[in-house]
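Please read the structure below before turning to the comments.
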Amino acid sequence: MRPAYGRAGVPTRTTCADRGSGAGPLAGGHSPSAPAPATDSRSAASPAPTTVGGPTRPPPEGPGGIKGPRSVPRWVWAVPPVAVLSLVFLYPLGLVVQQSVSPDEGGTSFAPYAEVFASEAFREALSTTVWLAAGSTIGCLVLGFALALVIAFVPFPGGKAVSKFIDVFLSFPSFLITLALLFVYGTVGMANGVWTDLTGAADGPFHFLTTPWGVLLAEITYFTPFVVRPLLAAFSQIDTAQLEVASSLGAKPARIVRQVILPEALPALAAGGSLVLVMCLNEFGIVLFTGAKGVTTLPMLVYSKAILESDYPAACVVAVVNIAISVGLYSLYRVVSRRAGA
C-alpha cells in the first residue's frame, strides 16, 4: 500500500487510534487480518513517552541541582563563610565600635565622639583627607583618560607591553611607589644630585615630597592605573567604524574624542573614579613614607591616637568615622559599577 498524502504532498502522521485499530500502512507493517506482534508486559504497563522534535527530557532534579529526596538546604552552605567572616572581620569591627563608646572613666557614653568632633586635629585631618582624596581622584581621571587614549587609539611600538605592565602595576604596594619617588625627587635624590653637580649649589631645588603636593603626586602616580584599566576595557568595545565615519566627515580628533569616545567612557570613568576616591581616603602607606610634615589624614590620626598617645577611645572614634565614609563611598562605587556594567 502507498502512504496517504495530505496537503502539499506531505505524508500524514498516523495517530495512536490508527495504530490501535490497525488502520493505515504505518501500523507496525501488519494488515488488519495479521496477528498482532508480541509485546513486553513492562512496555505495556509503562509505555515509552513520545516526543516530537527532540529527546525525552530527564526527570526533574531536587533543589539546588541535587538529585534525590535527601538534599541539603541551601542556607547550610552559607554557614561556614558567614562564620569565618564574622570571626575575622565583624567581631574586630564590633570591638572597635564598642571601644569608641567606652571612655576611660568606664561605662558607656558618647563623650569620646563629642571630644573628638570638637578637636581641631580631627577637623584638620578630615579636611586634609577629603581634599587630598578629591585632588588625587581628579588627577587620576585626567591622566588616566589621556594614557588610555594613547594606548588604545595611537599605535606605537610596545603598546601591548605597556598595557600588560599596567596590569602588573596594580599589584605593587603603595610604599614601593613612594620609595621610588624619594630616590628621584628626595632631598638626596637623583634630581637634586644632578642639580648640585651641574650648578655647584649646596642644595637642590626639589623639596616638594615632604609637602602635601608630594603626597598628591605619589597618590596620582600610584592610583592612575586603577582608572586606566576600566577605560581600556571600555575603549575595546567602541566600534572603530564610528571613528572612521566621523573622521571621513571632517571631524577633528578633539571633536571625535569629545562626541564619540567620551560618552562611551563616562561609565568607566565614574567607576574608576569612585574606586580611586575610596582608596585615597584610606591610604596610609604613602603619607607615612613620604614623611610629609603637617599632613595628617584620618588613617594617620588613628595611628597617632592609638600608638603615640595611647588614646584608644579617640582612635576608635576616628576609625568608625573613616569606616562610615568608606562604606558610603563604596556603596556609591558599587551602584556606579553596576550601571556601567563593570
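The values are calculated or read from the model by the stated rules, or taken from the named source; none is laboratory data. Bear in mind the structure is a predicted one, so any value in this text is a computation, not a measurement. Every residue, glycine as well, gets a Cβ built from its backbone with ideal geometry; the counts of neighbours run over all protein chains shown. Accessible surface areas use protein heavy atoms only, side chains included; no ligands, DNA or RNA. Shrake-Rupley method; radii C 1.70, N 1.55, O 1.52, S 1.80 Å.
A compact table of results
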{"item": "Among (1) assigned to a helix (DSSP H, G or I); (2) more than 23 Å from the chain's Cα centre (by Cα) - the single one residue 187 does not satisfy", "result": "(1)"}
{"item": "Complete set of residues in the range 276-309 that are in contact with a Leu (Cβ under 9 Å, 6 or more places away or on another chain) and under 23 Å from residue 233 (Cα atoms)", "result": "276, 277, 278, 280"}
{"item": "Any hit, the range 322-336, residues being without any contact (Cβ under 8 Å) to a residue 40 or more places away in the chain and not in a helix (DSSP H, G or I)", "result": "no"}
{"item": "Lone unmet requirement of (1) more than 14 Å from residue 122 (Cα to Cα); (2) touching a helix residue (DSSP H, G or I) at 6+ places or on another chain (Cβ under 7 Å) for residue 311", "result": "(1)"}
{"item": "Scope the range 255-284; condition more than 14 Å from the chain's Cα centre (by Cα) and not aliphatic (A, V, I, L, M); matching residues", "result": "255, 258, 259, 263, 264, 280, 282, 283, 284"}
{"item": "Matching residues, the range 67-83, being open to solvent by 60 Å² or more (accessible area, probe 1.4 Å) and either modelled with pLDDT of 90 or more or in contact with a helix residue (DSSP H, G or I) (Cβ under 7 Å, 6 or more places away or on another chain) (or both)", "result": "74"}
{"item": "Pair list, Cβ under 8 Å, 6 or more apart: the range 137-150 residue on the phi < 0 side of the Ramachandran plot, other residue buried (at least 18 other Cβ atoms within 10 Å of the Cβ) and outside any helix (DSSP H, G or I)", "result": "139/224; 140/224; 143/224; 144/224; 147/224"}
{"item": "Residues (in contact (Cβ under 8 Å) with a residue 60 or more places away in the chain and either among the aliphatic types (A, V, I, L, M) or at positive phi (or both)) located in the range 151-165", "result": "151, 152"}
{"item": "Residue count, the range 103-120 (criterion: over 34 Å from the mean Cα position of the chain (by Cα), under 19 Å from residue 303 (Cα atoms) and open to solvent by less than 60 Å² (accessible area, probe 1.4 Å))", "result": "3"}
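Residue-wise test of (1) more than 20 Å from residue 336 (Cβ to Cβ); (2) among the hydrophobic types (A, V, I, L, M, F, W, C); (3) over 19 Å from the mean Cα position of the chain (by Cα).
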| site | (1), (2), (3) |
| --- | --- |
| 204 | yes, no, yes |
| 211 | yes, no, yes |
| 214 | yes, no, yes |
| 225 | no, no, no |
| 232 | no, yes, no |
